[in-house]
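Structure first, then comments.
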Amino acid sequence: MHKRYLAGTAVLALALGLLSGCSDNSKNEESKATDEGSSAVSIAIDQSALAVQSWKMDNSHVVPVAGKVLSDGQPVSGVEVNLAGKRNVTTSEDGSFEFMVDRSIPQTLSVSVTSAEQAAIAGKSVGQSAKTALLAAKSSVDIYYPVQVVDVKASANDPEAVEVHARAVVEEGQDFPVTALYNYAIRGTVKAADGSPVKDAIVSFVRDNGEGWSRSEPSNDKGEYVLYYSPEEDEDLSLNVHVGETKYSLPENRVYRFPEDTSVQTDITLPAEGNIITDKPPTLVSQAAEGAVYWSVMIGVNADSPYTVTLPDKDGSFVLTISKKAWEQAPSFFETRVSRFLLKPIAAGDTVSSADIPSPQANEPQSIVADKA
């Protein structure tokens, strides 16, 4: 079985030079090409596309990724190159650099130049126009589950659509990270003693004697708040509500317990005086509620027309249903990690509309070219 990933070398060439000052765009472009000191800069990555590899105790999932910085085809030394805004390395005399990259997480790692002050070619410092071009150069390293198209069939429900049977290729012996219940929601309202909603209240729950905590964002105009939590068996929690500089709490030596395997609706009424919350109805009302937070690695396509796709099974297989016209345009795929609160359970194999798949973040794989078996 032949696997084809994205091109192994990512090169971005930027031609920059001194502008003549003329307002005509065509003349400006000509001056860039002919001005003395203009330069074409590239960050060339030896292997810019990597398949996801599972985390391993021996750290073998962390691999070296090398590249070179070139100006007009010549290696540039002394350039500080940055990976994903976290690590800087300096190019050697042959323009080369190397980063250690974690392959266990699907992601796109940006590569850019953060400093060109010490940049040199063949031992000679480069000019200002070359430095400017170096600072504008960008590239990336993509880590993703390669997508393989297994079969394409006519849709049984829509004569204008096709069913694309595909799979996200996983390492041998490993499973694709299927959709799973991640945690539960604690939501409700905070009200004043007179029943009016309290805005900007922050609700927090502290685990057994401060060993951990969860807190909400400030409540909205209706006094509504929400936070997310994974309850543990027989766990004692301290309930607190912060409004400005005032902290409201349960009576001393009183704790709160949530039922397992469910979200919870907890409505809180603050006292008219003091800062102790009476821990019984109607000032504190808690009951089981629907819904939970589900985590998924969702696979979508970069297409203008709507489509549906099933959540991948543990072997990575999924079915994309899309219009024939859109599929004939050979759209690329993307992979995005999503956590979202849903009232109804979802699982691998369930069908999701493209409208419910969020666009990938800048640090997620966005242009995966599928291999056709």
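The values are calculated or read from the model by the stated rules, or taken from the named source; none is laboratory data. What you see is a predicted model, and the numbers here were worked out from it, not measured in a lab. In this analysis, Cβ positions are derived from the backbone assuming ideal geometry, glycine residues included, and neighbour counts consider all displayed protein chains. Accessible surface is based on the protein model in full, side chains and every heavy atom, while ligands, DNA and RNA are left aside. Shrake-Rupley method; radii C 1.70, N 1.55, O 1.52, S 1.80 Å.
The set of residues in segment 260-314 being of a type in the set (S, T, N, Q) and part of a strand (DSSP E or B) consists of Ser263, Gln265, Thr266, Thr269, Ser286, Gln287, Ser296, Thr308, Thr310.
For segment 32-50, taking the residues that are in a strand (DSSP E or B) and under 11 Å from Ser129 (Cα atoms), the one that is modelled with the highest pLDDT is identified as Val41. The C-beta contact set for segment 185-205 (first residue in contact (Cβ under 8 Å) with a residue 60 or more places away in the chain and farther than 13 Å from Thr266 by Cα, second residue open to solvent by 50 Å² or more (accessible area, probe 1.4 Å) and among the basic types (Lys, Arg), distance under 8 angstrom, 6+ apart or interchain) comprises Val198/Lys191. Being closer than 24 Å to Val369 by Cβ and surrounded by fewer than 19 Cβ atoms within 10 Å (Cβ to Cβ) is the requirement here; does Asp58 meet it? Here the answer is no, as Asp58 does not meet what is asked.
What is the number of the single condition among (1) buried (at least 19 other Cβ atoms within 10 Å of the Cβ); (2) touching a His at 6+ places or on another chain (Cβ under 8 Å); (3) not small (Gly, Ala, Ser) that Val150 does not meet? Just one mismatch for Val150, condition (1). If the condition is being assigned to a strand (DSSP E or B), surrounded by 14 or more Cβ atoms within 10 Å (Cβ to Cβ) and of a type in the set (Val, Ile, Thr), then segment 331-373 contributes Thr336, Val338, Val352, Ile368.
Residues are listed down the side, and each one gets a yes or a no for (1) over 18 Å from the mean Cα position of the chain (by Cα); (2) part of a strand (DSSP E or B):
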position: Val101; (1), (2): no, yes
position: Thr108; (1), (2): no, yes
position: Val113; (1), (2): yes, yes
position: Ile143; (1), (2): no, yes
position: Val152; (1), (2): yes, yes
position: Pro159; (1), (2): yes, no
position: Arg167; (1), (2): yes, yes
position: Val170; (1), (2): yes, no
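Every test in (1) in a helix (DSSP H, G or I); (2) open to solvent by less than 40 Å² (accessible area, probe 1.4 Å) is passed by Lys325 save one, and that test is (2).
Going through (1) touching a Pro at 6+ places or on another chain (Cβ under 8 Å); (2) open to solvent by 20 Å² or more (accessible area, probe 1.4 Å); (3) touching a residue at least 60 places away in the same chain (Cβ under 8 Å) one by one, Tyr182 falls short only on (1). The residues listed here are Val285, Val293, Val243, Val301; of these, the one that is under 21 Å from the mean Cα position of the chain (by Cα) and under 22 Å from Ile202 (Cβ atoms) is Val293. Out of all the residues in segment 236-253, is one or more open to solvent by less than 80 Å² (accessible area, probe 1.4 Å), modelled with pLDDT under 90, touching a helix residue (DSSP H, G or I) at 6+ places or on another chain (Cβ under 6 Å) and under 22 Å from Tyr184 (Cβ atoms)? Yes - at least one qualifying residue is present in segment 236-253. For residues in segment 128-141 being outside any loop (DSSP other than H, G, I, E, B) and in contact with a Leu (Cβ under 8 Å, 6 or more places away or on another chain), which is most open to solvent (accessible area, probe 1.4 Å)? The extreme case among them is Lys138.
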